[in-house]
Amino acid sequence: MPDPLIVAFVPGVTPGKWERTWRERRPRGRLELRPHTQAEALAALDDGSVHMALARDIVADDDRHAIPLYREAPVVVAPKGSLVAGVGDLSVADLAELDDVTVLPVDLHGGTGADAVELVAANVGVAVMPQSVARAHSRKDVVARPLSGAPDTGIALVWPTRDAHPLCDEFIGIVRGRTANSSR
């Protein structure tokens, strides 16, 4: 029996449905899911401490395979009761026209987005981030509003081009929605 398949996932990604399917199909198969920042996930993939990663905005190259899974819409996170919170949909142009609003930087490469949400809650400014990250860090004192005109982000399943874990293909099939009886 091979070692457990270890899959890193970045903030906002919720791999629960894939884990449930894995457990149904492989009751004795070992799967470990590990939350990481983007930088940690890619470093762990490179050093072999994880076998696969669900990461943001990665494309295949000579060292990594990557299967794009889905795209995420951006949102603006604002303090509850603020002018931005009172608006339905915003555009990047609308946001730029608001003189009294500071758009805070969000580091999803080395961070989780939680720090930015904390600053928003403290009424320091607003933050633009993927909807799933905003949802993961939701609080009663902030709201998330759709933001048009900002780039979306993509989630991909990534694994090394060399020395892939023997169970990678099985996890790929699950993530792609293949049934237990389907062939590749």
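Is it the case that segment 13-22 has a residue that's modelled with pLDDT of 95 or more and assigned to a loop (DSSP other than H, G, I, E, B)? The answer is yes, given that some residue of segment 13-22 is modelled with pLDDT of 95 or more and assigned to a loop (DSSP other than H, G, I, E, B). State whether one or more residues within segment 146-166 are in contact (Cβ under 8 Å) with a residue 60 or more places away in the chain, outside any loop (DSSP other than H, G, I, E, B) and farther than 22 Å from A39 by Cβ. Yes, that holds for at least one residue. L31 satisfies every condition listed in (1) in contact with a Leu (Cβ under 9 Å, 6 or more places away or on another chain); (2) closer than 19 Å to P151 by Cα; (3) surrounded by 13 or more Cβ atoms within 10 Å (Cβ to Cβ) except (2). Restricting attention to segment 44-59, and to residues there that are open to solvent by 60 Å² or more (accessible area, probe 1.4 Å) and within 17 Å of the chain's Cα centre (by Cα), which single residue is nearest to I155 (Cα to Cα)? Filtering first and then ranking leaves D57.
Restrict the check to segment 61-72 and report whether at least one residue is among the small types (G, A, S), modelled with pLDDT of 95 or more and within 28 Å of I174 (Cβ to Cβ).
The initial filter retains those residues of segment 61-72 that are among the small types (G, A, S), namely 66.
The next check asks that each one be modelled with pLDDT of 95 or more; those that pass are 66.
When the remaining residues are screened for being within 28 Å of I174 (Cβ to Cβ), the result is 66.
So far as segment 61-72 goes, yes, one or more of its residues are among the small types (G, A, S), modelled with pLDDT of 95 or more and within 28 Å of I174 (Cβ to Cβ).
Taken together, A41, A93, A78 contain a single residue that is among the small types (G, A, S), over 13 Å from the mean Cα position of the chain (by Cα) and assigned to a helix (DSSP H, G or I), which is A93.
Residue-wise test of (1) farther than 19 Å from I67 by Cα; (2) surrounded by fewer than 19 Cβ atoms within 10 Å (Cβ to Cβ).
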{"residue": "V106", "(1), (2)": "yes, no"}
{"residue": "A116", "(1), (2)": "yes, no"}
{"residue": "A122", "(1), (2)": "yes, yes"}
{"residue": "P151", "(1), (2)": "yes, yes"}
{"residue": "L167", "(1), (2)": "no, no"}
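The values are calculated or read from the model by the stated rules, or taken from the named source; none is laboratory data. These numbers come from a predicted model, not from an experiment. In this analysis, Cβ positions are derived from the backbone assuming ideal geometry, glycine residues included, and neighbour counts consider all displayed protein chains. Heads up: the accessible areas ignore ligands, DNA and RNA and are worked out on the full protein's heavy atoms, side chains in. Shrake-Rupley method; radii C 1.70, N 1.55, O 1.52, S 1.80 Å.
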